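J.: Handing you this structure, nothing more for now.
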Amino acid sequence: MEKLAMLYEGKAKKVFETDDKSRLIVEYKDDATAFNGLKKGSILGKGIINNKMTNIVFKYLEENGVETHFVEELGDRQTLVKKVEIVPLEVIVRNIAAGSFSNKFGVEEGKELLNPVIEFSYKNDALGDPMINDMQILAIGLASKEELASVSKQALKINELLKDYFFKRGITLVDFKIEFGRYNGKVILADEISPDTCRLWDNKTNEKLDKDRFRRDLGGVEEAYEEVWRRITI
Ligand code: TMP
């Protein structure tokens, strides 16, 4: 597999074309941003952890019937993936109130929700990734009705699988963000699942083991990512 021109550079990853039109290479960086790029920094070693963790988690999901873009890990920071057309939605699933949900609705961080909540944001940096509902998504044409139904069903299934996966490793899955891409007429899981995109709390102490340590200047950022990695690979 030959790595060709860079197609796109995002905040945390670079994407390269390959000599196979149906495959891309993603390369994970240590760069970290928050608040739509306003806060910038780096988390040493995060690119390696996020790459390898995403691949382990995607393989687990595949084994449990969730199709993903994963093809093959090529190195510490690089993975070969199916070339999908990203659906421009951030799909957020919440089990426990935190972050923007707590702020928006005045629900104390840490309160268990009575049911899992799916939220969508329109992936558009210029607009600041605004929250969007299903009728708005259909009205603008960001996804079809069938795609939206598939995305929601998969998101809830992924939530159940991940809650169980993390709980066995001493971690409470508070919430997470996933993205989907169009591939061969279906929408499949793409992007990443990592401490950048999940809220992960120690299930005994509620210590934060995720990017909130960076967002909120809590310190111990690298240590938190390494701890999640340790628990996944133990
Ligand atoms: P929020 O509470 O800030 O809306 O975040 C919900 C979840 O989504 C949390 O696990 C962090 C993740 N997330 C991202 O992965 N990317 C983002 O740009 C934002 C705002 C949140």
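The values are calculated or read from the model by the stated rules, or taken from the named source; none is laboratory data. Just so we're clear, the structure is a prediction, and the values are computed from it rather than from any experiment. No Cβ is skipped: glycine too gets one built from the backbone with ideal geometry, and neighbour counts run over all protein chains shown. Just the protein is used for accessible areas: all its heavy atoms, side chains included, with ligands, DNA and RNA removed. Shrake-Rupley method; radii C 1.70, N 1.55, O 1.52, S 1.80 Å.
J.: List the number of the failed condition for ALA155; all other conditions in (1) of a type in the set (A, V, I, L, M, F, W, C); (2) in a helix (DSSP H, G or I); (3) in contact (Cβ under 8 Å) with a residue 60 or more places away in the chain; (4) open to solvent by 10 Å² or more (accessible area, probe 1.4 Å) hold.
T.: The one condition ALA155 does not meet is (4).
J.: If you check ASP129, ASP76, ASP134, which single one turns out to be under 26 Å from PHE35 (Cα atoms) and away from the ligand (no atom under 13 Å from the Cβ)?
T.: The match here is ASP134.
J.: Is it true that ASP210 is under 30 Å from ARG23 (Cα atoms) and charged (D, E, K, R)?
T.: Yes; evaluated as a whole, the condition is true for this residue.
J.: Which one of these does ILE137 not meet: (1) part of a helix (DSSP H, G or I); (2) open to solvent by 10 Å² or more (accessible area, probe 1.4 Å)?
T.: Of the numbered conditions (1) part of a helix (DSSP H, G or I); (2) open to solvent by 10 Å² or more (accessible area, probe 1.4 Å), the odd one out for ILE137 is (2).
J.: Still on this structure: With ALA32, ALA5 as the choices, which residue is assigned to a strand (DSSP E or B) and within 15 Å of the chain's Cα centre (by Cα)?
T.: Answer to the selection: ALA32.
J.: Ok, one more. Here are some conditions: (1) part of a helix (DSSP H, G or I); (2) touching a Phe, Trp or Tyr at 6+ places or on another chain (Cβ under 9 Å); (3) not hydrophobic (A, V, I, L, M, F, W, C). ASP164 meets all but one. Which one does it not meet?
T.: (2)
J.: Being loosely packed, with under 14 Cβ neighbours inside 10 Å, farther than 26 Å from THR79 by Cα and of a type outside the set (Phe, Trp, Tyr) is the requirement here; does GLY219 meet it?
T.: Yes, satisfied.
J.: Would a scan of region 163-171 turn up a residue that is in contact (Cβ under 8 Å) with a residue 40 or more places away in the chain and within 15 Å of LEU189 (Cβ to Cβ)?
T.: Yes - at least one qualifying residue is present in region 163-171.
J.: I want to confirm something. Restricting to region 108-126 and keeping residues that are within 12 Å of the ligand (Cβ to nearest atom), open to solvent by less than 40 Å² (accessible area, probe 1.4 Å) and among the hydrophobic types (A, V, I, L, M, F, W, C), which single residue is nearest to GLU9 (Cα to Cα)?
T.: The extreme case among them is PHE120.
J.: To continue, here is another question. Please go through region 69-85 and give me each residue that is open to solvent by 50 Å² or more (accessible area, probe 1.4 Å), closer than 14 Å to GLU179 by Cα and part of a loop (DSSP other than H, G, I, E, B), ordered by number.
T.: LYS83
Rundown of residues vs (1) under 24 Å from SER100 (Cβ atoms); (2) among the small types (Gly, Ala, Ser); (3) more than 12 Å from the ligand (Cβ to nearest atom); (4) touching a residue at least 40 places away in the same chain (Cβ under 8 Å), yes/no style:
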position: LYS177; (1), (2), (3), (4): yes, no, no, yes
position: TYR183; (1), (2), (3), (4): no, no, yes, yes
position: ILE193; (1), (2), (3), (4): yes, no, no, yes
position: LYS208; (1), (2), (3), (4): yes, no, no, no
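J.: Going by what's in this entry, would ILE25 be described as in a helix (DSSP H, G or I) and more than 16 Å from the ligand (Cβ to nearest atom)?
T.: When the stated conditions are applied, ILE25 does not pass them.
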